[in-house]
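Since the structure comes first, as structure tokens, the remarks are kept for the end.
The values are calculated or read from the model by the stated rules, or taken from the named source; none is laboratory data. In this text, all values refer to a predicted model and were calculated from it rather than measured experimentally. Cβ placement follows ideal geometry from the backbone for every residue including glycine, while neighbour counts extend to all protein chains displayed. Accessible surface areas use protein heavy atoms only, side chains included; no ligands, DNA or RNA. Shrake-Rupley method; radii C 1.70, N 1.55, O 1.52, S 1.80 Å.
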Amino acid sequence: MGSSHKTTFVKDQLDFLEKSGLYRRLRTVVARGSTANVDGKEVINLCSNDYLGLSQNKRVIEKTITALSEEVSQCGSRLIAGNHPKIIELEGLLAYHRRTESALLYPTGYTANLGIVTTIADKNSTIFSDELNHASIVDACRLSGATIVVFRHNDTAHLQELMRCGRGRKIVITEGIFSMDGDMGKLSEIKSIADHHDAITIIDDAHGDFIFGPTFSGMPSRMGVNFDIHVSSMSKALGCFGGYVATTFPIRELLINTSRQFIYTSALPDHLCSAAITAIPIAKSGYLQKRLQWNILYFSEAIKRLGFKVGNSTSQIIPILVGKEVQALELSKELLEEGVFAQAIRYPTVKKGHARLRISLNAMHRQEHLDSALAAFEKAGKKIGIL
């Protein structure tokens with residue numbers, strides 16, 4: 001047996017995380033749209049990204065089961081033996097949905113961001129990235145080897161100033177809906193500045209896709225702008241699984257030929273493709289988005305009236321700003337005691353001292369769910385002294 005002194009740093013680091021209010025524990029969660037079973041307790045679920053409740057849709061489930069009865073997985077990469085016809089069908093639907101020439105599936109939205117950024121950027125490139133971009137974008141920028149220039153969140157004047165410098169190929173990357181603040185990217189202004197500097201534009205629209213826009217095609221569609229490259233996830237509003245890049249034919253071909261995240265991984269199982277193919281027309285019908293928008297307006301106004309500090313969100317992601325990490329954990333714990341599941345979000349996901357509870361509303365929440373959650377927030381907030 002090896003000497004234990006070599007790994008004493010592990011316990012030291014865990015102790016530090018515990019004392020700082022940054023320790024994370026896995027809970028056992030069975031999510032059912034508006035509700036969940038958390039560590040054996042039935043609660044109202046305010047944590048799910050299943051914004052339209054399509055993971056619970058009977059038609060989607062039935063189609064998935066039918067496809068799954070044939071095989072579990074293709075057990076191969078796309079370039080070897082995994083390129084199932086359902087993958088090609090789904091990519092066509094996603095390209096049409098995003099109004100691009102083509103689309104390419106990845107196993108997750110995380111790998112999609114890694115794939116496109118590390119393919120488009122290299123050591124001779126400069127990437128201009130919003131300071132609140134998702135961790136997958138941050139990691140992708142670092143892996144690319146490019147020079148990374150971070151502009152202040154949604155500060156287009158700062159972006160304009162920074163873009164006067166930079167060498168080689170210029171790339172601007174932002175989000176449609178920011179995952180921890182729920183606010184919208186200033187896409188029109190960002191696109192205009194990027195075009196002026198002949199920069200490639202990339203948008204991660206995981207949280208706006210299938211929710212916003214005239215045909216629910218996402219935030220660029222809503223704001224009437226065209227980005228060069230779209231990245232999104234099928235595990236949010238579609239209620240399914242996987243990620244994708246929607247872009248031009250040549251960029252898709254470059255990804256197929258050079259993206260390590262595409263080449264050296266197994267293809268998305270065809271039953272998951274069947275699920276997404278079935279979910280797309282349901283999501284595009286629009287009736288679920290109307291229910292979601294009502295929930296957003298109702299909950300947002302009520303939580304503000306209670307006296308909680310809420311960010312500038314106008315989306316289904318509503319941050320309840322607390323500040324101190326330990327206090328955010330305490331609020332989350334008290335809410336769970338009251339039957340509401342709302343996780344504390346802390347550093348490094350957000351800056352130190354900016355801890356919050358990230359509320360995710362979905363179309364399956366009924367008014368009684370929201371009223372019960374609001375009552376729990378009021379009681380817990382008063383108990384821990386933030387109201």
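Structure data summary
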item	result
Fraction of accessible area attributable to carbon and sulfur, region 103-162 (%, probe 1.4 Å)	54
Interchain or long-range residues, amide H under 5 Å from Asp204's placed H	Thr174, Glu175, Gly176, Val231
Rounded if a/c under 1.5, otherwise prolate or oblate - region 302-352, Cα gyration tensor axes	oblate
Enclosed volume per residue, in Å³, of the convex hull spanned by Cα atoms of region 1-96	280
Accessible area of the chain divided out per residue, in Å², using a probe of 1.4 angstrom	46
Which of His369, His5 is most accessible, then next, and so on - probe 1.4 Å	His5, His369
For the chain, with +1 on Lys and Arg beta carbons and -1 on Asp and Glu, the positive-most of Val150, Asn113, Asn226 along the dipole	Val150
Length released on extending from Phe249 to Asn124, taking residue separation times 0.36 nm less the Cα-Cα span	42.6 nm
For region 42-114, radius of gyration divided by Kirkwood radius, i.e. Rg to Rh on alpha-carbons	1.02
Area of Val60 that stays accessible when all protein chains are in place (1.4 Å probe, Å², to 10)	10
Computed accessible area, Tyr298, all protein chains, 1.4 angstrom probe, square angstrom	60
Taking only Cα atoms of the chain, radius of gyration then Dmax in Å	21.5, 63
Alpha carbon centroid spacing (whole Å) that separates region 154-194 from region 1-58	32
Pair His153, Tyr23: separation of 7 Å Cα→Cβ label points (nm)	2.8
Under 20 Å from Lys352, Cα to Cα: lysines that are on another chain or at least 8 residues apart	Lys19, Lys309, Lys324, Lys333
In Å², nearest 10: area of Thr118 left accessible to a 1.4 Å probe	40
Accessible-area composition of region 276-387, carbon plus sulfur, in percent [1.4 Å probe]	51
Accessible area, probe 1.4 Å, largest first, for residues Asp183, Asp371	Asp371, Asp183
